[in-house]
1. Within region 173-180, does at least one residue satisfy the condition of being outside any loop (DSSP other than H, G, I, E, B), assigned by TED's automatic domain parsing to the domain that holds Ala100 and of a type in the set (D, E, K, R)?
2. Give region 371-382 a look and list any residue that's more than 16 Å from Thr98 (Cβ to Cβ) and either outside any helix (DSSP H, G or I) or not polar (S, T, N, Q) (or both), or say none.
3. Which of the residues spanning region 430-449 are out of contact with any Lys or Arg (no Cβ under 9 Å at 6 or more places or on another chain), surrounded by fewer than 17 Cβ atoms within 10 Å (Cβ to Cβ) and basic (Lys, Arg)?
4. Out of region 457-492, which residues are part of a helix (DSSP H, G or I), of a type outside the set (Asp, Glu) and either surrounded by fewer than 18 Cβ atoms within 10 Å (Cβ to Cβ) or more than 24 Å from the chain's Cα centre (by Cα) (or both)?
5. Looking only at region 77-92, decide whether some residue is within 23 Å of the chain's Cα centre (by Cα) and surrounded by 20 or more Cβ atoms within 10 Å (Cβ to Cβ).
6. State yes or no: is Val432 within 29 Å of Ala396 (Cα to Cα) and assigned to a strand (DSSP E or B)?
7. Within region 350-359, is even one residue within 23 Å of Glu268 (Cβ to Cβ), in the same structural domain as Ala246 (by TED's automatic domain parsing) and in a loop (DSSP other than H, G, I, E, B)?
8. From the list Phe328, Phe352, pick out the single residue that is in contact with a Ser or Thr (Cβ under 6 Å, 6 or more places away or on another chain), within 24 Å of Glu250 (Cα to Cα) and touching a residue at least 40 places away in the same chain (Cβ under 8 Å).
Amino acid sequence: MNPFAQLDHQFVWHPFTQMRDWLRTEPIVIASGQGAWLTDVHGRKYLDANSSIWTNLHGHQHPKINAAINRQLKRIAHSSALGFANEPASALAEQLVTAAQITARQSHQPKPQPRPPPARDRLAKVFFSDDGSTALEVALKLAYEYTRRARGPKTKPKFLSLTGAYHGDTIGAVSLGHIDMFHKSFGGMLFQTDQVMAPYCYRCPFNRARPERADARKYRQCHWECTGLVAKKFAAQKRRGNPYAAFVYEPLMQGAAGMIPQPSGWLEQVTDLARAHGALLIADEVMTGFGRTGLTCHVTDEALTAAVAEPSQAKLFASTRTGIQPDFLCLAKGLTGGYLPMAATLTTQRVFDAFLGKYEEFKTFFHGHSFTGNQLGAAAGLASLELLRSAASVHARAQLQQTLQQELKSLWSLPHVGDIRQVGLVVGIELVKNWQTRAPYTLRERAGIRVCEAMARRGVLTRSIGSVIVLMPPYCTTAKEARQMVGALAEAVEEVLG
């Protein structure tokens, strides 16, 4: 066994990992990376098919991000944000606010498009932190205190999130989550939040359609019962005399729930309901941000040509793609291109103003992190944003999305593939015992884990969520590499499941 693998076994405790199983075999020890490829200590190469847990946007060892970090290292690596400002963090905040501006609702509903929100309700301020969990924790605390100041200090703000929600691992973020496997054991430490049905079309009890060889959103037969349940939930809470303070959601696709995509129009309907009942909107774009949800629902040759002609028009966030203005936009993972831990919570001037006052009034937001606004992270973030706005990157993302759309079609021939869910450059493939019955695999059968292990033997690394295989490649992935990822998945499913 490699000496670093031995050290790992002896000293390291891995996240979300059953260590009893981990200690039985020699782990893959990553030594280096280049582009979409990772190399282990034995010299074996692997395609990074989940962007190093959904973080790496432009590939490993990108020269522009490397150069930006090196330039910043020659000046200063870190200084405190408590009482001091710094150059790259200030510039990054301005660029994030600019990128997050809503121009008009690109609604799928047959109604007039609303105008952009008033100035005080546009995203205008950035609070930096460390990772996705802390970005949500910041939004949660700000929304809690803002609601108390708006409705009165005796108010007990309540929050609503979706079934299958996962928003991080700090206590506040865990309280917003509703995945028993991750959250139930900490129940005694949490505050209560409510949940409402997420639009899981493939397994929706209201979907009367028989299984087809297509994304379930395309052939569903329902009457939007899921949005009706959201309306009832808001109305019931309002009757109790304590309307929800905020509605927390991942726009367009829920990640850790199993890559659950939202059907066209769902997000507009439920956020309109939340607004009508006075709830703030907290958009968790830790996974969906920075171009991950693609340019459009489907990339055609015409859309590809348009993207190349006007790269500045490419939307970087799911919120800007749908034209829905949240009160809090939570970002992390891809913020630095996957290089350094950094997060940001964007909010409005209205929320910011509620925390202004005299020193002795204690209206300050009493929350902070030692590495808030870190210069190295901010420098990497600025370089990443520059890359994302470049014509080359927009073109590469559009081509990659188009390639995935085409290559994934081959998986429908596999009887153990039940649903293929793609939103931009995020793909979830749900494995089932029989596609005609949607019969699921149990956790004990470890279907997803075994398929990922078989993919690793074929030189492709990713991680499953239960029986859902995730493909989330870096934007530099070529058409040939994307085909290799999908091909390895197909071979692995056939090997493991028959």
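1. At the first step, the residues of region 173-180 found to be outside any loop (DSSP other than H, G, I, E, B) are 173-175, 180.
Remaining after also requiring assigned by TED's automatic domain parsing to the domain that holds Ala100: 173-175, 180.
Then drop every residue that is not of a type in the set (D, E, K, R), which leaves 180.
For region 173-180, residues outside any loop (DSSP other than H, G, I, E, B), assigned by TED's automatic domain parsing to the domain that holds Ala100 and of a type in the set (D, E, K, R): present.
2. Phe371, Thr372, Gly373, Asn374, Leu376, Gly377, Ala379, Ala380
3. Arg444
4. Arg457, Ala479, Lys480, Arg483, Gln484, Gly487, Ala488, Ala490, Ala492
5. Let us first name the residues in region 77-92 that are within 23 Å of the chain's Cα centre (by Cα), namely 89, 92.
Now restrict to residues that are surrounded by 20 or more Cβ atoms within 10 Å (Cβ to Cβ): 89, 92.
Yes, some residue in region 77-92 is within 23 Å of the chain's Cα centre (by Cα) and surrounded by 20 or more Cβ atoms within 10 Å (Cβ to Cβ).
6. When the stated conditions are applied, Val432 does not pass them.
7. No, that holds for no residue.
8. Exactly one residue qualifies, and that residue is Phe328.
The values are calculated or read from the model by the stated rules, or taken from the named source; none is laboratory data. A quick note: this is a predicted structure, and the numbers were derived from the prediction, not measured. With ideal geometry, Cβ positions are generated from the backbone for all residues, glycine too; neighbour counts draw on all protein chains shown.
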